[in-house]
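Some notes on the structure that comes next.
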Amino acid sequence: MWMPDNYFERIYKETIANHQAAADRESAEQRKERLRAALKSALGQFASPLPSSEPELLSSEDCGSYIRERVKLSGVDGLSFGAYLLIPKKRIGKIPGVLAVHGHGYGSREIVGLLPDGAIDHEPPGLHRHFALELVERGLVVIAPDVIGFGERMLEEDRHKDPRHNSSCYKMATQLLLYGQTLTGLRTAELLAALEYLSKREEVDNARIGAMGFSGGALLSFVCAALDQRIQAAVLTGFPGTFKGTIMEVFHCVDNYTPGMLVHAELPEWISLIAPRSLFVESGDRDPIFPIASAESAIEELRQRYRRENAEERFAFDVFPGEHEISGRVAYDWLAGQLGT
């Protein structure tokens, strides 16, 4: 009688039943619009940057097959952030663009082939697989923003720590909660500013924009795609599952928990807000923090939801032999194909 396990199992089951009851009372489109509104509310509100916060080019370097620019942007009043822009040198007319979002690690440098100090990384890539380089080599303009809390954007008190294994997520997330805001909301506001910048670049066809994120970056990519219709195709890797089978089952960073989301829907339904736009999910069969059983459950539900929207051909997935990492063996070419390179 003293153990709380049964209580928590009961409230989960009751919550899932409430989801179905709510869905039965409204049309599919009404439910999606209500969920989008609930998502915006759960993330919290952040003040827009001042009109004077114009983008600034910090550097430009010829990297052989592409140009790597470093730009300064702002998405929230009082904050600025850096982003790398990778631009293929061989292109005809306007070409597709991709928002590339890193997960836990040392920031955007980890996905554009650089070390934490900015030097070229000549070693085999880590879990992120330098995936921004894979995308630019497929003819896509890639923007890779610095997600707040990692690498150069850690709090001052954390700057002496190894950015490969440390972040400022906990302190940032818990402080924002006291203001009725969330770290996911802050990060999303900045990423949408990066998306806005990407869409206005002269090289980019703003009707052909995608997003790809790994782990916590996949969470942010799905939120951005759910809220912004400009994202026509999304790749989520090292993340898909259910709340029940991932962040409620395995210890995760606090930045994965957005208050109130499970009241409205389980994670696969939140992700399906992207439908009928194109979606690819990728998971390692030995991922210890996003277990494969949960991933496969989410994949099946997503397939069903896409089928109900007559868009099953726009949903694809790959379960690859691996752990918590990017594979890309199918995802890179899928994304390039969906965006028409």
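Brief remarks on what is shown
- None of G185, G149 is assigned to a loop (DSSP other than H, G, I, E, B) and in contact (Cβ under 8 Å) with a residue 12 or more places away in the chain except G149.
- Test for G118: is it assigned to a loop (DSSP other than H, G, I, E, B), over 17 Å from L198 (Cα atoms), open to solvent by less than 40 Å² (accessible area, probe 1.4 Å) and in contact with a His (Cβ under 8 Å, 6 or more places away or on another chain): no
- V112 open to solvent by less than 10 Å² (accessible area, probe 1.4 Å), assigned to a loop (DSSP other than H, G, I, E, B), touching a Phe, Trp or Tyr at 6+ places or on another chain (Cβ under 6 Å) and modelled with pLDDT of 95 or more: yes
- The residue that is nearest to L127 (Cα to Cα), counting only those in segment 288-314 that are touching a Pro at 6+ places or on another chain (Cβ under 8 Å) and basic (K, R), is R314.
- Residues (touching a Leu at 6+ places or on another chain (Cβ under 8 Å), surrounded by fewer than 20 Cβ atoms within 10 Å (Cβ to Cβ) and under 21 Å from E300 (Cα atoms)) located in segment 209-268: M261
- Which listed residue is closer than 22 Å to H130 by Cα, surrounded by fewer than 16 Cβ atoms within 10 Å (Cβ to Cβ) and either in contact (Cβ under 8 Å) with a residue 24 or more places away in the chain or not aromatic (F, W, Y) (or both), from S41, S48, S27, S60: S60
- Among the residues here, L135 qualifies as part of a helix (DSSP H, G or I), of a type outside the set (S, T, N, Q) and within 18 Å of T237 (Cβ to Cβ).
- All positions within segment 63-106 that are under 17 Å from L198 (Cβ atoms), of a type outside the set (K, R) and either outside any strand (DSSP E or B) or without any contact (Cβ under 8 Å) to a residue 40 or more places away in the chain (or both): I67, E69, S80, G93, H102
- For A293, the criteria (1) assigned to a helix (DSSP H, G or I); (2) of a type in the set (A, V, I, L, M, F, W, C); (3) in contact with a helix residue (DSSP H, G or I) (Cβ under 8 Å, 6 or more places away or on another chain); (4) open to solvent by 10 Å² or more (accessible area, probe 1.4 Å) hold in every case but one, which is (3).
- Filtered residue count, segment 310-334, keeping only those that are of a type outside the set (G, A, S) and farther than 17 Å from I271 by Cα: 12
- Residue in segment 137-153 that is touching a helix residue (DSSP H, G or I) at 6+ places or on another chain (Cβ under 8 Å) and open to solvent by 60 Å² or more (accessible area, probe 1.4 Å) present: yes
- Condition broken by A298, with the remaining ones in (1) outside any helix (DSSP H, G or I); (2) open to solvent by less than 10 Å² (accessible area, probe 1.4 Å); (3) within 29 Å of I11 (Cα to Cα) satisfied: (1)
- Residue in segment 170-181 that is within 29 Å of I16 (Cα to Cα), open to solvent by less than 20 Å² (accessible area, probe 1.4 Å) and among the β-branched types (V, I, T) present: no
- Residue within segment 198-207 that is under 21 Å from I326 (Cα atoms), open to solvent by 10 Å² or more (accessible area, probe 1.4 Å) and touching a residue at least 40 places away in the same chain (Cβ under 8 Å) present: no
- Residues of segment 321-340 classified as buried (at least 18 other Cβ atoms within 10 Å of the Cβ) and outside any helix (DSSP H, G or I), total: 6
The values are calculated or read from the model by the stated rules, or taken from the named source; none is laboratory data. Keep in mind that this is a model prediction, so the values were computed, not measured. When we count neighbours, we look across all protein chains shown, and the Cβ atoms used for this are built from the backbone with ideal geometry, even at glycine. Heads up: the accessible areas ignore ligands, DNA and RNA and are worked out on the full protein's heavy atoms, side chains in. Shrake-Rupley method; radii C 1.70, N 1.55, O 1.52, S 1.80 Å.
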